[in-house]
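To keep things clear, I will list the structure first and then write my remarks on it.
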Amino acid sequence: MTSPIDIEGGGTSVVVDGEPEPKKKPEEQQLVGRSPGQLMWIRFRRDRAGVLSACVVIFFFVIGLAAPLISKLYGKNPYTVYADERPELFDSAGVPLQPNGGISGEFWFGLEPGNGYDVFTKLLYGIRNSLMISLAVTVATVLTGILLGVAAGYLGGRPDFWISRLIDFLLAFPAQLFFIASMPVVVSLFVSPRDETPVYVRVVALIAVQWVLGWMSLARILRGTTLALREREFIEAAKVSGAPPGRIIRKEILPNVVTPILVQSTYMLPNFVTAEAGLSFLGVGIVEPTPDWGQMFSKASTELVMQNDITYMFFPGISMIIFIVAFNLLGDSVRDAFDPKSER
């Protein structure tokens, strides 16, 4: 025989054979589900390598953004020619007299052979400039890849045909050779060869050249993903309900392609960093006195520097290796976090 009885705190409990049914725990009374983003974040936090890599990447961006403040606290800047202001620090060939590239309590990372720029502040500003350029290229290529890739996959027909042929055509270009050959051409469109090229023109040219040949891989991935999504039931239901294509793409398609966008973005940015550094290394990117990662490699590889002291190569080299490895590990961790079947 069962009968309801009042219990403390309100509500009733059912008595079965003289014993009241145990009161449900709060977590049993209301089950709260987790969104895919929350599940991804939980899986990512469990990946120690991914969390450490994210901290390293954030550290590089922070010191890049804070380069002017750090330089002010340090009391030096990357533009002072110490070979002229402090000639007693250099020999007749312009090489620092102190060992290890002139490293001391006054110059933490030493002095650059030749002009005598402070290596520490030049590296800070070089990281800042390289990362900001690469970040701008990544944003431009991701937006272009989303726009053209999703449009081709969802609209189909002629738009898909022409966008796909454009992708095939641009993928046929050898990217690195095209970068080297086209940079002087793009710069000459803005500045006469007889005039000195402003820094902002070189920055715009670097972004434009890398953007033109950087968006196709993401667009192709998103096209394939969108082709599969547009046949799904929820897309057909949205069409039947009378939703316009723009709303379907914005509300139904884009939320389902966030994973490939994020994963590809984490792989694209370090590639653009190395590409930008390579152009500056070859002398068609950022040039002195504007600091740049690749420019520091170019100066360190000269005969004057390599024969006397390789210390100048150490700091830009080790910093770029750490950044690229950390960003690649971060990309792997983001990919695994979005994959529910991952064992990591």
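The values are calculated or read from the model by the stated rules, or taken from the named source; none is laboratory data. These numbers come from a predicted model, not from an experiment. As a convention, Cβ positions derive from the backbone with ideal geometry for all residues, glycine included, and neighbour counts pool all protein chains shown. Each accessible area value is taken on the protein alone, full model and side chains, heavy atoms only, with ligands, DNA and RNA left out. Shrake-Rupley method; radii C 1.70, N 1.55, O 1.52, S 1.80 Å.
Tabulated values for the structure
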item	result
Residue selected from the range 13-70 under the condition in a helix (DSSP H, G or I) and small (Gly, Ala, Ser), by the criterion modelled with the lowest pLDDT	GLY37
Tally of residues being within 28 Å of the chain's Cα centre (by Cα) and not polar (S, T, N, Q) across the range 75-88	2
Unmet requirement for PHE327, which otherwise passes all of (1) closer than 19 Å to PHE61 by Cα; (2) at pLDDT below 80	(2)
Among the candidates TRP211, TRP215, residue that is within 21 Å of the chain's Cα centre (by Cα) and under 30 Å from PRO289 (Cβ atoms)	TRP211
Residue that is open to solvent by 10 Å² or more (accessible area, probe 1.4 Å) and farther than 30 Å from VAL187 by Cα, where the choices are VAL257, VAL334	VAL334
Index of the failed condition, LEU131 passing every other in (1) of a type in the set (A, V, I, L, M); (2) surrounded by fewer than 13 Cβ atoms within 10 Å (Cβ to Cβ); (3) modelled with pLDDT of 90 or more	(2)
Among residues of the range 81-112, those that are in a loop (DSSP other than H, G, I, E, B) and touching a strand residue (DSSP E or B) at 6+ places or on another chain (Cβ under 7 Å), counted	3
Helices (runs of 4 or more DSSP H) contained in the range 179-284 and holding at least 1 residues acidic (Asp, Glu)	233-240, 258-281
All positions within the range 71-95 that are touching a Leu at 6+ places or on another chain (Cβ under 7 Å) and at pLDDT 90 or above	SER71
